[in-house]
Amino acid sequence: MTITNKSVQVGVGVLIMHAQKVLVGKRIGSHGANTWQLAGGHLDFGEEFAECAIREGLEETGLTLDPASVEFVTANNNVMPSIDRHYVTIFVAANVLGDTKPKIMEPLKCEGWEWVTLEQLVDNNGPYRPLFSPLAKMIEEHDLKALFAKST
């Protein structure tokens, strides 16, 4: 499939980790509405993946992430013809520093945040469905067991 005169955007999805759980939120008001997502957003020009993850984590959840814990997990390619978008999504993981109670910082974009286990995240029949397409693809392509096992 070729889309002409379009640009590919780069998104960063953040696996915010704490006590062997990851933070997910329910999207509202934009593409992927009513799907479960990670915190994240667009990579700014000149920004490192870790910088984007820390910034987006704070902007969306109010949580402070440990810069020393940020690590690249994987990346995937997401062509979304139904909404005329194409993203490359970079996934990074990071542990929370301090308070672990997330806040709804962008109420027009996120209904709420919940800490979930790996089992809940990968359960196709569980309450955290549907998943935002880049997250669903990442889970399908990447084994997250080791990542969850080492989260603090």
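A count restricted to region 19-31 and to residues that are open to solvent by 20 Å² or more (accessible area, probe 1.4 Å) and either on the phi < 0 side of the Ramachandran plot or touching a strand residue (DSSP E or B) at 6+ places or on another chain (Cβ under 9 Å) (or both) stands at 8. Checked against the criterion of being open to solvent by 20 Å² or more (accessible area, probe 1.4 Å) and free of Cβ contacts under 8 Å to residues at least 60 places away in the same chain, region 8-16 contains not a single residue that satisfies it. Contact map, region 36-63: first residue within 16 Å of LEU97 (Cβ to Cβ) and at pLDDT 95 or above, second residue part of a helix (DSSP H, G or I) and acidic (Asp, Glu), Cβ cut-off under 7 Å, separation 6 or more or different chains; pairs are ALA39/GLU56; ALA39/GLU60.
Of the helices (runs of 4 or more DSSP H) lying entirely inside region 33-152, those containing at least 3 residues that are closer than 27 Å to LYS6 by Cα and open to solvent by less than 30 Å² (accessible area, probe 1.4 Å) span 49-61, 133-141.
The values are calculated or read from the model by the stated rules, or taken from the named source; none is laboratory data. Please read these numbers as outputs of a predicted model, since none were measured by experiment. Here the Cβ is made from the backbone with ideal geometry for all residues, glycine too, and neighbour counts use every protein chain on show. Heads up: the accessible areas ignore ligands, DNA and RNA and are worked out on the full protein's heavy atoms, side chains in. Shrake-Rupley method; radii C 1.70, N 1.55, O 1.52, S 1.80 Å.
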